[in-house]
Structures are given as structure tokens and as C-alpha cells.
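Student: Dumping the structure here so I can ask a few things about it.
FYI, it's all coordinate maths here, none of it is from the lab. This structure is a prediction, so every number in the text was calculated from the model and none was measured. For neighbour counting, all protein chains shown are included, and Cβ atoms are generated from backbone atoms with ideal geometry for every residue, glycine included.
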Amino acid sequence: MAPAAAFVAHFEASFQRGEWLRGCAYTFEGEKVPPIAYEDPAGTRLGIFSIQVRSPDAVVLCLIRSEVQRRGHGRRMLTALCAEADRQGVALTFQAVPDDSDPETQIPEAKLIQLYREFGFIENPAMKHKPYMTRKPLNP
């Protein structure tokens, strides 16, 4: 199994995926990607994310949304995603766009980009979808 497929399979085997979850994502090409519910070890859902194989060694992160904002849940999901990406030797790519479903808790784009930079993501100015960011695996 290719590294990117193994990465996605890991999360599909560990958590529930389904269109019934609050939220859905789309690829740049318009393909619907059902979210995965991310839970802590006690079974409390912290948020959702949508991932899809982009190439044999790259995965696109189409959506990441915390159940409750400003409690570190997004950071925990990113930590898990990045750790597994490093383990599998997979690059992660996505477009850093704030979730506008709740204007009161929306994170400004600049702050969101800074958060992703903390996880090793860099902006790719060559992409037409901006701000498009990529993270290469550490120690692949």
C-alpha cells in the first residue's frame, strides 16, 4: 500500500468517517470528501477533518474543524495528523482558510497561517489557490 493510502487507512480504521457528521469538505476539483470524527482516548469528539490521497506520497487536508474553538482541539488534531504523516513519510497539503461557520469564534487567516507554520507547513506561492500550504514529512 502506498504511504498516502496507508495514512488515510490509519485514520479510517481509528475513527468514524461519514457524511452524517457536521460538515463536509471538497477538493479543489469539487469532489466531496466525507469527514472523519477525531476523538480523544475517552471517546469525546474533539473535531472533524477530511483527508484524501493526492498522490502516492501526499495527502490533501480538505477540512479541519474543532468541536469547540480555543481549547486546543485543532492543535491536537494537527499533532496527530503530522505525527502519522511523519511515520508514513507523507506530505500534507491544504488551503489555509478560516472556518466561517461561526463568525464569533472564527480564527483570522493570519493567525491560522501562523499556527500551521508552527507545525512545519510552508506557503506555496506557485499555487493558484491561496494561501496554499505544504508540510513535508520529518525524518521520512
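Student: Whose amide H sits under 5 Å from the amide H of LEU46, counting only residues 5 or more places off or on another chain, with H placed in the peptide plane?
Tutor: Close amide H contacts, sequence-distant or interchain: TYR38, GLU39, ASP40.
Student: Related question: Please list the non-local residues whose amide H lies under 5 Å from the amide H of CYS62, H modeled 1.01 Å from N, same-chain partners needing a gap of 5 or more.
Tutor: SER50, ILE51, GLN52
Student: Could you compute the net charge surrounding SER14? Neighbours are other residues with a C-beta less than 15 Å from the C-beta of SER14; K and R count +1, D and E count -1.
Tutor: Summing Lys and Arg as +1 and Asp and Glu as -1 gives 0.
Student: At 0.36 nm per residue, and after removing the present C-alpha to C-alpha distance, how many nm does the segment from GLN95 to LYS111 gain when stretched out fully?
Tutor: On the way: separation 16, 0.36 × 16 = 5.76 nm, distance 1.39 nm.
Extra length from GLN95 to LYS111 when fully extended: 4.4 nm.
Student: Taking amide H positions as placed 1.01 Å from N in the peptide plane, with prolines and chain starts having none, which residues 5 or more places from ILE107, or on another chain, fall under 5 Å of its amide H?
Tutor: ASP99
Student: Per 0.36 nm of contour for each residue apart, how much would the distance between ALA9 and GLU31 grow if the chain were fully extended, relative to their Cα-Cα spacing?
Tutor: Gain on stretching ALA9 to GLU31: 6.0 nm.
Student: Taking neighbour counts of Cβ atoms within 10 Å as a proxy for exposure, in what order, fewest first, do MET133, MET1 appear?
Tutor: If I rank by nearby Cβ atoms, fewest first, I get MET1, MET133.
Student: Could I ask something else about it? Residue by residue through segment 30-36, what is 3J(HN,Hα) from phi via Karplus (6.51 cos²θ - 1.76 cosθ + 1.60, θ = phi - 60°)? Round to whole Hz and write x for glycine and proline.
Tutor: x, 7, 6, 10, x, x, 10
Student: Let me ask something else about it. Would you tally the net charge around GLY43, using a Cβ to Cβ cut-off of less than 15 Å, leaving GLY43 out, and scoring K and R as +1, D and E as -1?
Tutor: -1
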